[in-house]
Every structure is written in structure tokens, then in C-alpha cells.
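Peer 1: For reference, the structure I am asking about is given below.
The values are calculated or read from the model by the stated rules, or taken from the named source; none is laboratory data. This is a predicted model, so every value here is computed, not measured. In this analysis, Cβ positions are derived from the backbone assuming ideal geometry, glycine residues included, and neighbour counts consider all displayed protein chains.
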Amino acid sequence: MVVEPASPGGAARARSRSEKTADSRLLILDAAVACLVEDGYAAASTLAVQARAGVSRGRLLHHFPSRAELLVAATAHLSTTQLSEVRRRAATLMHDEPTGRERVDRAVDLMWTTFQEPPFWAAMELWTAARTDPDLRTALRGEERRLRAAIAAVADEIWGPEIAGAPGYADLTELLFTSMRGVALVYAFEDRPAATDPHLGLWKRVAARMLALDSQG
């Protein structure tokens with residue numbers, strides 16, 4: 001049997017279709033993120049996302065059959081992008097390889113900044129809505145586990161192998177994550193600089209104690 005070689009034109013058309021599909025998916029995700037962050041969960045309907053993305057109804061439903069899947073995927077997309085940015089910031093912040101208390105203080109500062117950014121507020125919109133939306137809750141549960149694992153991996157890079165290997169590190173990062181999330185919610189209605197929050201100094205002191213770094217510079 002003679003197998004005819006694929007025509008260059010056919011391969012180009014296949015690549016073009018694949019690229020268009022990827023582009024339209026990204027357009028939809030970006031539009032969903034914008035709706036969720038700017039207008040909140042209630043206003044982030046599939047029709048609003050479709051209009052903002054400029055795609056057909058069929059195209060949107062092809063990628064995301066339900067609103068819950070769409071908004072969870074949008075939040076994951078935003079968070080993944082943000083984690084790459086946090087890695088970049090961490091590399092800049094830790095370029096001189098600080099150790100001891102200095103590294104802890106910088107790591108706490110960087111962690112806290114992530115709780116004032118769009119991924120956090122998008123997640124808050126979904127978590128709140130999930131309380132009364134079982135479809136959203138189901139879609140969100142699996143993605144949350146994946147995202148927490150990704151966040152933990154980035155956190156380990158920020159703190160560095162020496163601190164990440166310390167006995168109290170796992171408890172500390174869980175405590176900081178939970179505490180920062182709770183404090184950050186206040187900024188939904190407080191108009192003050194998060195960088196001056198009184199908890200920031202407390203977190204740094206607690207971190208030093210839990211990691212037994214009080215005697216280090």
C-alpha cells in the first residue's frame with residue numbers, strides 16, 4: 001500500500017485550526033477573568049463573558065459547557081500566570097541570597113503582596129459563591145487541590161531549601177497562608193495601604209520564632 005505524504009497545505013490548515021482554537025480559549029479565559037475581577041461572580045455570566053471575548057455562543061460552549069467550569073478554569077488560568085510572576089519577583093527579591101531573618105522578612109513581604117492581587121479576589125468570589133452553588137463547589141474542589149500544590153511549590157522556592165527543610169516550616173506556611181487570607185478580606189472595604197498592615201510585623205516575628213531564628217541576624 002502506498003501512503004500519500006501529507007500535503008504542506010493540509011498541515012498548515014491543521015496548525016491554523018489548532019492555533020485558532022487555542023486563541024479563542026485564551027480570549028474566553030481572559031474575558032472571564034476580567035468579568036470576575038471587575039464585576040464579581042454575580043455579573044460574570046456566560047453571556048457577559050461571550051460578549052467581552054467577542055466569540056460565538058457555540059465557541060464558548062465548545063470550550064466550557066458550564067458556567068462553573070468556565071469560571072474555575074479562568075481563576076486557574078489567572079493563578080497560574082500569577083505564580084509565574086511571583087517566581088520572577090522572588091528571583092529579583094532574593095538575588096543576593098539573604099539568609100536567616102532577612103530571608104524570612106522578605107519572604108513574608110512577598111507572600112503578603114499576593115493577597116492584594118487579582119487571583120486572590122477572583123478566588124474569593126468563587127469560594128463565596130460555592131457555598132450555595134453545588135455545581136461550582138464540585139468544579140472548584142479539584143482545582144483547589146491542584147492550585148494549593150502549585151502554590152506550595154512556589155512557596156518552597158521563595159523561602160529557599162534551608163528554611164523549607166526546617167522542622168516548623170510546614171506549620172508556619174499553613175499558618176501564614178490562613179492568617180493572611182483572613183486579614184486580606186478586610187481590604188475589600190478598607191482603603192489603606194496593605195504594606196503598612198500591623199499584622200506584617202507580627203507575621204515576621206512569629207515566623208522567626210517558629211523557625212528558631214530569633215538569635216540570627
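Peer 1: May I ask you to list the residues in the range 126-139 that are within 21 Å of residue 184 (Cα to Cα) and surrounded by 20 or more Cβ atoms within 10 Å (Cβ to Cβ)?
Peer 2: Once the filter is applied, which keeps residues that are within 21 Å of residue 184 (Cα to Cα) and surrounded by 20 or more Cβ atoms within 10 Å (Cβ to Cβ), the range 126-139 yields 126, 130.
Peer 1: A follow-up question, please. Return the pairs, sorted by first residue and then second, in which the second residue is modelled with pLDDT of 90 or more and among the basic types (Lys, Arg), the first residue lies in the range 152-164 and is over 12 Å from residue 108 (Cα atoms), the beta carbons are less than 9 Å apart, and the residues are 6+ apart or on different chains.
Peer 2: Matching pairs, first to second residue: 154/87; 157/87; 160/103; 162/103; 163/103.
Peer 1: State the number of residues belonging to the range 32-44 that are surrounded by fewer than 16 Cβ atoms within 10 Å (Cβ to Cβ) and either modelled with pLDDT of 95 or more or under 20 Å from residue 131 (Cβ atoms) (or both).
Peer 2: Within the range 32-44, residues that are surrounded by fewer than 16 Cβ atoms within 10 Å (Cβ to Cβ) and either modelled with pLDDT of 95 or more or under 20 Å from residue 131 (Cβ atoms) (or both) number 4.
Peer 1: Filter the range 102-138 down to the residues that are assigned to a helix (DSSP H, G or I) and of a type in the set (D, E, K, R), then identify the one that is nearest to the chain's Cα centre (by Cα). Walk me through it before giving the result.
Peer 2: Within the range 102-138, the first condition is being assigned to a helix (DSSP H, G or I), and the residues that meet it are 102-116, 118-130, 134-138.
Now restrict to residues that are of a type in the set (D, E, K, R): 102-103, 105-106, 109, 125, 135, 137.
Details: 102: 26, 103: 23, 105: 22, 106: 20, 109: 17, 125: 13, 135: 21, 137: 18 Å.
The selected residue is 125.
Peer 1: Right, next: So which residues in the range 146-171 are exposed (fewer than 14 other Cβ atoms within 10 Å of the Cβ) and charged (D, E, K, R), if there are any at all?
Peer 2: Listed by number, the residues that qualify are 146, 148, 162, 171.
Peer 1: Now for a different question. Mind counting the residues in the range 46-94 that are over 20 Å from residue 126 (Cβ atoms) and among the polar types (S, T, N, Q)?
Peer 2: Summing the residues that are over 20 Å from residue 126 (Cβ atoms) and among the polar types (S, T, N, Q) in the range 46-94 gives 3.
Peer 1: From (1) over 22 Å from the mean Cα position of the chain (by Cα); (2) surrounded by 14 or more Cβ atoms within 10 Å (Cβ to Cβ), pick out the condition that doesn't hold for residue 179.
Peer 2: It fails just one condition, (1).
Quick grid of which residues meet (1) among the aliphatic types (A, V, I, L, M); (2) assigned to a helix (DSSP H, G or I); (3) within 18 Å of residue 101 (Cβ to Cβ):
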site: 140; (1), (2), (3): yes, yes, no
site: 154; (1), (2), (3): yes, yes, no
site: 162; (1), (2), (3): no, yes, yes
site: 175; (1), (2), (3): yes, yes, yes
site: 179; (1), (2), (3): no, yes, no
site: 187; (1), (2), (3): no, yes, no
site: 192; (1), (2), (3): no, no, no
site: 201; (1), (2), (3): no, yes, yes
site: 205; (1), (2), (3): no, yes, yes
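Peer 1: Residue 43 is checked against (1) assigned to a loop (DSSP other than H, G, I, E, B); (2) touching a residue at least 24 places away in the same chain (Cβ under 8 Å); (3) over 14 Å from residue 123 (Cβ atoms) and fails just one. What number does that condition carry?
Peer 2: (2)
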